[in-house]
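Here is the structure we will look at, set down as structure tokens.
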Amino acid sequence: MVVAMMEALDGLGGYFRLAFGIIGLLGNLITGSPPAADGADTVPVKEEVAEVRVSMGGLVVPEFVKSVPSGHFAGVSAPSGSLHDARRSAIDDVVRQILGAINVRYDHRYTDRVTGSPHSAHRVVDDSLRRFASGVVLDVERGIVQSVEGRDGSGRILCYVLVRYSEAQIQEMRRLSKGAKVVASITADEDGFLSVRVTEVNGVAVTIASADVVVEKKNKFAKAISLFVWKVPDGSRESFSASVGPVRVCSSQRSFSLDLRRFQNKVGDSVLGADLSRMIKLRGFDEIGREVVVEVSG
């Protein structure tokens, strides 16, 4: 009897050992720890964490943008559809920075219009900053020393440029940004030769190359003579253009003569009470090609 009971308990113990073994295996699967070998010591596992650096679309910002070298400007483009547009955008960014450095106020307006059909499209781009800066900021593209291109997460192109632009160039652009200031006056009128004096006061060289002249003659006695004697005109107006010099001034003044002998009053003009007026528009350009126009009358 006793022997039979011991055998029954041994059978139940086998079942319990099997059940606990299955529970332990399930616990190892859940925790991810491999089952320890019989009699082996349990060794703690050290978890390793990998350092991950994420950049948009694989594009890394160049070091010259993070730390701009002295005497340089770094330009960053807007995301663009082509390399040409991205490069242009980065250069415009540099131009804006230079305009700020020389204390020039500007109004940037950009329009990009596409008209027509998908098979015959016409694109018109109007960039007011580029037109304005072309007369103030010089040699930006020639100063590019480094350029980096890449794509952002959406696949659009970004461009970074490093431009060398020294303090001496900044000072020169500051001088040119003031523009020329030219004044003119008539100093003499002798026998039909008009003497004109031109003065520049802003330190920007100007070359006067031509003059547009308008001569008006008004007859004060025209109505009275037309009423009692014969009909005469109220006056006349003539215009012409003439070459000048060239006359170059920069923080200085120079004089030149215009030949207006054919417009002098004659004997008949004295009878009509003719008043002669002359309006002269001098045309030229400054040292970076900007148009200069100054008017004088007398």
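For the range 76-94, the set of residues classified as over 17 Å from F64 (Cα atoms) and in a helix (DSSP H, G or I) consists of L83, H84, D85, A86, R88, S89, D92, listed by residue number.
Of the listed requirements (1) in a strand (DSSP E or B); (2) modelled with pLDDT of 85 or more, S251 misses just one: (1).
Within the range 167-223, the set of residues being within 30 Å of N103 (Cα to Cα), part of a strand (DSSP E or B) and small (G, A, S) comprises A184 only. Scanning the range 152-191 for residues that are at pLDDT 90 or above, of a type in the set (K, R) and surrounded by 16 or more Cβ atoms within 10 Å (Cβ to Cβ) returns a single hit, R164. Looking across the range 186-202, the residues that are of a type in the set (S, T, N, Q) and farther than 16 Å from V292 by Cβ come down to T187, S195. The residue of the range 238-257 that is nearest to F193 (Cα to Cα), among those that are aliphatic (A, V, I, L, M) and surrounded by 14 or more Cβ atoms within 10 Å (Cβ to Cβ), is V244.
When the residues of the range 152-183 are filtered to those that are among the polar types (S, T, N, Q) and more than 18 Å from the chain's Cα centre (by Cα), the one that is farthest from I91 (Cα to Cα) is S154.
The values are calculated or read from the model by the stated rules, or taken from the named source; none is laboratory data. Everything numeric here is computed off the predicted structure, so don't read it as measured data. Methodologically, a virtual Cβ is constructed for each residue, glycine included, from the backbone with ideal geometry; neighbour enumeration extends over all protein chains shown.
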